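**Student:** One structure coming up, written as structure tokens, with questions to follow.
Derivation of every value follows stated rules applied to the coordinates shown; laboratory data play no part. Please read these numbers as outputs of a predicted model, since none were measured by experiment. Don't worry about glycine lacking a Cβ; one is built from the backbone with ideal geometry, like all the others, and counts go over all protein chains shown.
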Amino acid sequence: MKKTILITGCSSGIGYCAAKGLQERGYRVFATARKRSSVEKLLAEGLESFRLDLNDSNSIHFAFEEVMRRTGGELYALFNNGAYGLPGAVEDLNRDALRAQFETNVFGWQELTNLVIPVMRRQGYGRIIQNSSVLGFVALPFRGAYNASKYAIEGLSDTLRLELKGSNVYVSLIEPGPIASQFRTNAVQALQKYIDIENSFHREKYQGVLGRLNKPGPAVPFTLPPEAVLKRVIHALEAEKPQARYYVTVPTYLFGILKRILSARALDFLLAKSGNNN
């Protein structure tokens, strides 16, 4: 019997790569996406696909019930991946902007996860994989909303891992740094929607942010293809005892080490310099 996995955010990037790679590896993949056009593309490529909009509880419940219907009530793994980044200074983030960031990146994930957990408890096994970020444990300027959403996912995942201890249901965090994807394109749209650039104290800075986000090719050094994340996802799925955290890319390893050995003041200096240079 094929192992089954539900993946969110499969229209491009990490989610798309994971869906294709795991299908080739023999998994039965349910590749979901928010847009109907993305679902049609995935279906045309031979994947089982349907809509799942993380901002819509009805859509989340429909997708979960569809998986249960197709599998007879079984699910080996969930890969929470669908997310976006909202660039902007914290002082420019209003309640609506923060709510929108958390609806997709946190609340939708947790709602879907809470549907899946009873299934995994009942069957006596399961894997929950959360695609976090290096920005889930260090902060960079002008990424406050995204930082906060990933910090929240890290806290929920660490707690859930403790609460599931002994259940044979494992929770793993993937913590990528820069990965080639459509992430920057979506970030530009979010910035223009939620940030009043012209009336911001940081107006000039935002021009640089937009230049970086619109830059063709990798925006920062050490950018890796999404296959680097897929490699960690495979380990989290197939290891007898999966790791709690999987680093991906040089920046993640570097900042993971620096956070352990540097004072807060020294780390702040490096993070501020890195964030303002990128």
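**Student:** Remind me, relative contact order of the stretch 4-252 in percent, using alpha carbon pairs under 8 angstrom and six or more residues apart? Display every interim value, and only then the final one.
**Tutor:** Details: 439 pairs, mean separation 50.2, N = 249.
RCO, the stretch 4-252: 20 percent.
**Student:** Length gain on complete extension for the stretch residue 2 to residue 168, per 0.36 nm per residue less the alpha carbon to alpha carbon distance? The partial results should precede the final answer.
**Tutor:** Numbers: separation 166, 0.36 × 166 = 59.76 nm, distance 1.87 nm.
Extra length from residue 2 to residue 168 when fully extended: 57.9 nm.
**Student:** Counting Lys and Arg as +1 and Asp and Glu as -1, each charge on the Cβ, what is the dipole of the chain about the Cα centre in debye, to the nearest 20? Walk me through the intermediate numbers first.
**Tutor:** Values: 35 positive and 25 negative charges, 114 e Å.
In debye, rounded to 20, the chain gives about 540.
**Student:** Give, rounded to the nearest 20 debye, the magnitude of the charge dipole that the stretch 1-55 has about its Cα centre when Lys and Arg contribute +1 at Cβ and Asp and Glu contribute -1 at Cβ. Before the final figure, lay out the partial values.
**Tutor:** Details: 10 positive and 5 negative charges, 16 e Å.
Computed charge dipole of the stretch 1-55: roughly 80 debye.
**Student:** Using a Förster radius of 25 Å, what is the FRET efficiency between residue 262 and residue 212 based on their Cβ-Cβ separation? Nearest 0.05, please.
**Tutor:** Working: r = 25 Å, r/R0 = 1.02.
Here the calculated transfer efficiency is 0.45.
**Student:** Straight distance only, please: which aspartates and glutamates reach the Cα of residue 35 with their own Cα at less than 14 Å, same-chain residues fewer than 8 apart left out?
**Tutor:** Hits, sequence-local ones excluded: 53, 56.
**Student:** Separate question: For the pair residue 57 and residue 234, what calculated FRET efficiency results from E = 1/(1 + (r/R0)^6), where r is the Cβ-Cβ distance and R0 = 45 Å, to the nearest 0.05?
**Tutor:** According to the calculation, E is roughly 0.90.
**Student:** Report ³J(HN,Hα) in whole Hz for each residue of the stretch 90-103, in order, from the Karplus equation J = 6.51 cos²θ - 1.76 cosθ + 1.60 where θ = phi - 60°; Gly and Pro get x.
**Tutor:** 4, 5, 9, 8, 8, 4, 4, 5, 5, 4, 4, 4, 6, 4
**Student:** Additional query: Which of the aspartates and glutamates could a cross-linker span from residue 259 if the Cα-Cα distance has to be under 14 Å and same-chain partners fewer than 8 positions apart are dropped?
**Tutor:** 268
**Student:** About the Cα centre, and with charges only on the beta carbon of Lys, Arg (+1) and Asp, Glu (-1), how big is the dipole of the stretch 43-158? Nearest 20 debye, please. Mind showing how you got there, number by number?
**Tutor:** Working: 10 positive and 14 negative charges, 61 e Å.
Dipole magnitude for the stretch 43-158 comes out near 300 debye.
**Student:** Which entries in 2/241; 150/205; 3/241; 193/215; 20/193; 2/150 show an alpha-carbon gap greater than 25 Å? Please report the intermediate quantities before stating the final value.
**Tutor:** On the way: 2/241 20 Å; 150/205 23 Å; 3/241 17 Å; 193/215 19 Å; 20/193 32 Å; 2/150 31 Å.
Violating the 25 Å limit, Cα to Cα: 20/193; 2/150.
**Student:** Label 7 Å along Cα→Cβ of residue 35; the stretch 160-195 residues with amide nitrogen under 20 Å?
**Tutor:** Residues 180-194 qualify, since their backbone N sits under 20 Å from the label point.
**Student:** Right, something else. Roughly how many nanometres apart are two label points built 7 Å out from the Cα toward the Cβ at residue 161 and residue 273?
**Tutor:** Taking the simple label geometry, residue 161 and residue 273 are separated by 3.1 nm.
**Student:** From the Cα gyration tensor of the stretch 206-278, with a ≥ b ≥ c the square roots of its eigenvalues, which class applies: rounded if a/c is under 1.5, or else prolate if a/b is larger than b/c, or else oblate?
**Tutor:** Oblate shape, in that a/c is at least 1.5 and b/c is the bigger or equal ratio.
**Student:** If you take the charge dipole of the chain about its Cα centre, with +1 on Lys and Arg Cβ and -1 on Asp and Glu Cβ, which of 197, 67, 52 is farthest toward its positive end?
**Tutor:** So the residue we want is 67.
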